[in-house]
Each structure stands twice: as C-alpha cells, then as structure tokens.
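Have a look at the structure below before the remarks.
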Amino acid sequence: MAEETTTRGPAARVEPRAAAPRPARGRGSSRRALVAASVGNVIEWYDFVLYGASAFVLAQVFFPQGGSAALLSTFATFGVAFLFRPVGALVLSHVGDRVGRRDVLAGSVLAMAVATALIAVLPTHAQAGVAAPLLLLALRAVQGFCAGGEYGGSATFLVEYAPEGRRGWFGAWQTATIGIGSALATVAVLVASLSPQTLFTWGWRVPFALALPLGLVGLYLRLQLEETPEFQRVRAAAATTRRAPAAEVLRSHGRTVLVGAALVSGATLSMYVFQNYVPAFLATARGVPLTTALGGNLVGIAVFAAASLLFGRLSDATARRPFLLLGAVALVLCPLPAYLLDARGSFWAIALGQGLFGLAVAPLMGLVPSVLAELFPTPVRFSGLSISYTLANAVLGGTAPLVVAWLFTATGSGSSFVWYCSAAALLSLVGALLVRETGRRALARA
C-alpha cells in the first residue's frame with residue numbers, strides 16, 4: 001500500500017494538535033488517590049493548625065506580657081502566616097499548573113513538616129529574649145507559604161481524580177481532612193496538657209516535634225501517586241498549556257475569583273474564630289480549664305468533619321447551590337447561640353456550642369473544594385482555586401483571631417465577635433447567590 005503523504009503549501013494552515021485522549025482511570029486508582037491525598041492533607045493541616053491549638057501555651061512561652069496582651073501578640077503572629085499564603089498560592093499554583101500537582105503537594109507537605117518541627121526546638125523568650133518570637137514569626141511565615149499551595153493543590157487533585165458524579169464527595173474529603181488534622185492537633189495539645197508541671201517547660205514541644213515523622217509519611221504517600229488524568233491530558237496537548245496561569249486567571253476569570261472569595265470569606269473567618277480563638281479565649285478570659293475548652297472544641301471539629309462529608313455526598317445526588325445557600329444563612333444566624341453555649345464553660349455546653357457551629361459551617365466549607373474546582377478550567381484550575389481561597393483567607397480569615405482578640409480587649413464583651421462573624425457571613429451569602437450551579441457539568445477542559 002502506498003504511504004499516505006500530506007503536502008503543505010505556503011498558504012497551508014497548520015491544524016492545532018488534537019487533544020490527547022483522557023487517560024484511563026479505574027476505581028482503584030481513584031480510591032488510592034483519595035486515601036493518599038487525604039492522609040497528606042491531614043498531616044499538613046495538623047502542622048498548620050497546631051499553632052492555633054497551642055495559642056494559650058505559646059502566649060506564655062514566647063510573649064512576656066501575660067494575659068490578654070500575650071494572647072493578642074500570639075494571634076498577631078498567627079495572622080502573619082496568612083500574609084504569606086497568597087505568595088505561596090501564586091508561586092506554588094503556577095508550578096502546579098505548569099509542572100504538575102503531585103510534586104507541589106509532595107514538596108509542600110515536607111516543607112511544612114520541617115518548619116513545624118523547628119518550632120519544637122526554638123528557644124523561649126526567657127532564654128533568647130526578642131529573638132524567640134522573631135524566629136517563631138519566620139517559621140510561621142514558612143507555614144503560611146506552604147499552606148497557600150496545599151489547599152488549592154489537594155482540592156484540585158481530589159476533584160480531578162473523582163469518578164463522574166462523585167466530585168462533591170471527593171472534594172468534601174479536602175474539608176473533612178482539615179477537620180481531622182485540626183482534631184489531631186487538638187488531641188496532641190490535650191495530651192501534652194495532662195501534665196501541667198511539664199507543659200510550659202518542655203511538654204508543649206512534643207506535638208510540634210511529631211510533625212517531622214508525620215511529614216515523611218505524607219511525602220512518601222504523595223510520591224506514590226501519578227498525576228491526575230486531567231493534568232496528563234493538558235500536558236499532552238501542549239497547545240492548551242498556559243505560560244502564566246495566575247495571570248490568565250486574573251485576566252479572564254476575575255469575576256469568578258471574586259465570587260469564590262466572597263463564598264469562602266465568611267465561612268473561613270468564622271472557622272478561625274470559633275475553632276482557634278474561642279478555646280484560647282475561654283481558657284484565658286473565662287477561666288475555663290484548657291482541657292475542657294479543647295475537649296469541647298474537639299467534639300465540634302468532629303461534627304464539622306462528618307457533616308462536610310454528608311453534604312458533599314448529598315450535593316452529588318442533588319445540587320450544590322441549595323446547600324451553599326443553607327450554609328450561608330446558618331452562618332449568619334448561629335454565632336450568637338453557639339457563643340452563648342460556649343460561654344457557659346462546661347464541657348458539654350462547649351461541645352454543643354462548637355458542634356452547632358460545625359454543623360452550620362459544613363454545608364459551605366464542605367462544598368467549597370468541588371465548587372471552586374468546577375468553576376475554573378483544567379489548565380488554570382490550581383491557580384484559580386488557590387487565588388480565590390487565599391484571597392479570602394488573607395483578607396479576613398487570618399486576621400480574624402487578632403481582630404476579635406482586639407475587640408474583646410477594647411470592649412470587654414465576649415459577645416463582640418459574634419456580630420463580627422455574622423456580618424462576615426453576609427459576604428458568603430452574596431457569594432452563594434452569585435455562584436452558578438456546577439454539580440451537573442463536566443469539568444471545563446480549556
């Protein structure tokens with residue numbers, strides 16, 4: 001048979017290269033990706049949240065003022081991490097959209113683990129003076145940089161690996177594992193607190209030291225994974241690869257970024273207030289034993305993680321927007337009753353208050369990973385998701401504990417932050433009203 005040839009004249013138009021077929025994906029590979037990404041996410045958020053769970057102790061170890069002033073300084077350092085999250089989001093999402101999701105996730109979990117473990121060996125203020133909180137500040141900045149790429153990367157990875165009709169469920173594991181990582185951080189601090197005579201000498205260091213072996217486990221698991229089928233398709237079709245994914249997002253998807261950030265803002269602010277600030281507030285300002293405050297918070301975090309998975313599953317069976325609207329309205333209404341329960345100070349009252357909050361915020365935060373991933377096309381998904389999420393966190397989420405600590409210092413009223421949370425939740429309601437339904441659509445590929 002004669003060999004077929006194609007003649008190209010000077011005016012011939014070169015056809016764009018056909019997109020490579022989507023790589024085959026079985027249920028087994030999807031489950032492995034779900035497990036490995038989720039375990040890695042648990043470890044990374046254990047590292048990041050541990051600072052907030054330890055705020056009551058760190059305030060006394062690193063800041064000599066004592067009382068509310070020390071707690072205010074601790075949460076100011078907490079907020080520094082969120083200034084570096086947008087930087088990490090821009091840098092790491094650029095690499096993730098250009099080079100690959102897997103390698104970014106592997107690198108971020110290792111760097112986060114090292115930074116967290118180094119906190120365990122820092123000198124205290126009594127030993128090194130002002131150098132101690134400055135070193136803590138620097139390590140917190142590294143944590144923020146890593147977290148900036150972790151959320152967008154793991155959410156993108158999970159949703160792109162999800163079988164058809166299960167993106168809400170897979171994405172909800174991103175949120176649930178943040179809850180599980182937070183719960184593990186709380187348990188670690190609780191265990192360290194069982195011996196008050198050693199807690200403020202060396203006991204507080206143990207939970208931070210655990211970050212290094214946990215990080216090595218996360219690194220190993222993530223390196224065993226392949227790139228997502230969606231990213232493999234884009235990399236094979238070089239014509240669709242963006243040279244500057246973040247610039248493409250800001251130029252062509254600016255409205256989507258703002259809607260996504262609005263959707264996240266009220267929810268993430270309220271989470272940092274109730275799950276990070278409230279336990280330290282109860283222990284410092286209300287005289288509640290630290291173990292009681294953290295134990296009640298642990299129940300609330302468990303409710304949040306379980307409810308996030310439930311709403312993720314339900315959104316696959318029905319639609320996403322109704323649950324987003326439900327969560328936004330619940331967030332406007334629930335801070336006051338949740339706080340009134342917390343303020344009673346008993347374990348069960350705190351557990352009920354934090355559980356009520358966890359149930360209210362779950363419809364929103366449980367669906368945020370899948371909704372944001374579905375709003376952006378594959379070539380810029382990592383960047384779009386990361387920028388939307390970290391914009392909300394940098395502006396409102398990271399500053400929340402500092403702002404509410406200042407509000408309490410200025411007003412003397414513990415209920416002052418309730419209205420702050422409810423007002424911020426209105427932004428999430430606006431986002432939920434503006435976002436389009438994405439659950440029934442195929443992932444955008446260009």
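The values are calculated or read from the model by the stated rules, or taken from the named source; none is laboratory data. Worth saying up front: this structure is predicted, and the values here are computed from it rather than measured. Ideal geometry is used to build each Cβ from the backbone, glycine not excepted, and the neighbour counts take in all protein chains shown.
Pick from VAL368, VAL361: which is buried (at least 24 other Cβ atoms within 10 Å of the Cβ), β-branched (Val, Ile, Thr) and closer than 26 Å to LEU282 by Cα?
After ruling out the rest, the residue left standing is VAL361.
With the condition kept exactly as written, say whether any residue in the range 413-427 is in contact (Cβ under 8 Å) with a residue 60 or more places away in the chain, closer than 25 Å to ALA338 by Cα and not in a helix (DSSP H, G or I).
Looking for residues that are in contact (Cβ under 8 Å) with a residue 60 or more places away in the chain, closer than 25 Å to ALA338 by Cα and not in a helix (DSSP H, G or I), one finds at least one in the range 413-427, hence yes.
Collect the residues in the range 358-412 that are farther than 23 Å from GLU437 by Cα, among the aliphatic types (A, V, I, L, M) and in contact (Cβ under 8 Å) with a residue 40 or more places away in the chain, keeping them in residue-number order.
ALA394, VAL395, LEU396, ALA400, LEU402, VAL404, ALA405
Need the failing condition index for LEU396 against (1) on the phi > 0 side of the Ramachandran plot; (2) in a helix (DSSP H, G or I), just the number.
With respect to (1) on the phi > 0 side of the Ramachandran plot; (2) in a helix (DSSP H, G or I), LEU396 is out only on (1).
Tell me which of these GLY100 doesn't satisfy, since it passes every other one: (1) surrounded by 16 or more Cβ atoms within 10 Å (Cβ to Cβ); (2) modelled with pLDDT under 85.
(2)
If you scan the range 132-152, which residues turn out to be in contact with a Ser or Thr (Cβ under 7 Å, 6 or more places away or on another chain) and small (Gly, Ala, Ser)?
Across the range 132-152, the qualifying residues are ALA132, GLY148, GLY149, GLY152.
Pick out the one residue from GLY345, GLY355, GLY327 that is out of contact with any strand residue (DSSP E or B) (no Cβ under 6 Å at 6 or more places or on another chain) and buried (at least 24 other Cβ atoms within 10 Å of the Cβ).
Among GLY345, GLY355, GLY327, only GLY327 is out of contact with any strand residue (DSSP E or B) (no Cβ under 6 Å at 6 or more places or on another chain) and buried (at least 24 other Cβ atoms within 10 Å of the Cβ).
Any residue at all in the range 194-213 that is within 18 Å of ARG101 (Cα to Cα) and either in contact (Cβ under 8 Å) with a residue 24 or more places away in the chain or not in a helix (DSSP H, G or I) (or both)?
No, that holds for no residue.
Looking at VAL332, VAL288, VAL303, VAL273, can you tell me which residue is in a loop (DSSP other than H, G, I, E, B), in contact (Cβ under 8 Å) with a residue 24 or more places away in the chain and in contact with a helix residue (DSSP H, G or I) (Cβ under 9 Å, 6 or more places away or on another chain)?
Only one candidate qualifies: VAL288.
Tell me the residue from ARG381, ARG441 that is assigned to a loop (DSSP other than H, G, I, E, B) and either within 18 Å of LEU250 (Cα to Cα) or out of contact with any Gly (no Cβ under 9 Å at 6 or more places or on another chain) (or both), please.
Within the list ARG381, ARG441, the selection yields ARG441.
When you go through VAL299, VAL332, VAL303 one by one, which is the residue that is surrounded by fewer than 24 Cβ atoms within 10 Å (Cβ to Cβ), among the β-branched types (Val, Ile, Thr) and more than 20 Å from ALA188 (Cα to Cα)?
VAL332
Could you say whether any residue in the range 115-137 is at pLDDT 90 or above, buried (at least 24 other Cβ atoms within 10 Å of the Cβ) and in contact with a Gly (Cβ under 8 Å, 6 or more places away or on another chain)?
yes
Outside any helix (DSSP H, G or I) and either in contact with a Gly (Cβ under 8 Å, 6 or more places away or on another chain) or touching a residue at least 12 places away in the same chain (Cβ under 8 Å) (or both): which single residue out of LEU250, LEU216, LEU225 fits that description?
LEU225
Only one of (1) under 21 Å from the mean Cα position of the chain (by Cα); (2) under 30 Å from VAL80 (Cβ atoms) fails for ARG286. Which number is that?
The failed condition is (1).
Test GLY397 against the criterion of being modelled with pLDDT under 85, surrounded by 23 or more Cβ atoms within 10 Å (Cβ to Cβ), within 23 Å of ARG85 (Cβ to Cβ) and among the small types (Gly, Ala, Ser), and give yes or no.
So GLY397 passes the test.
Counting only residues that are polar (S, T, N, Q) and over 23 Å from VAL159 (Cβ atoms), how many does the range 385-399 have?
Total satisfying the criteria: 1.
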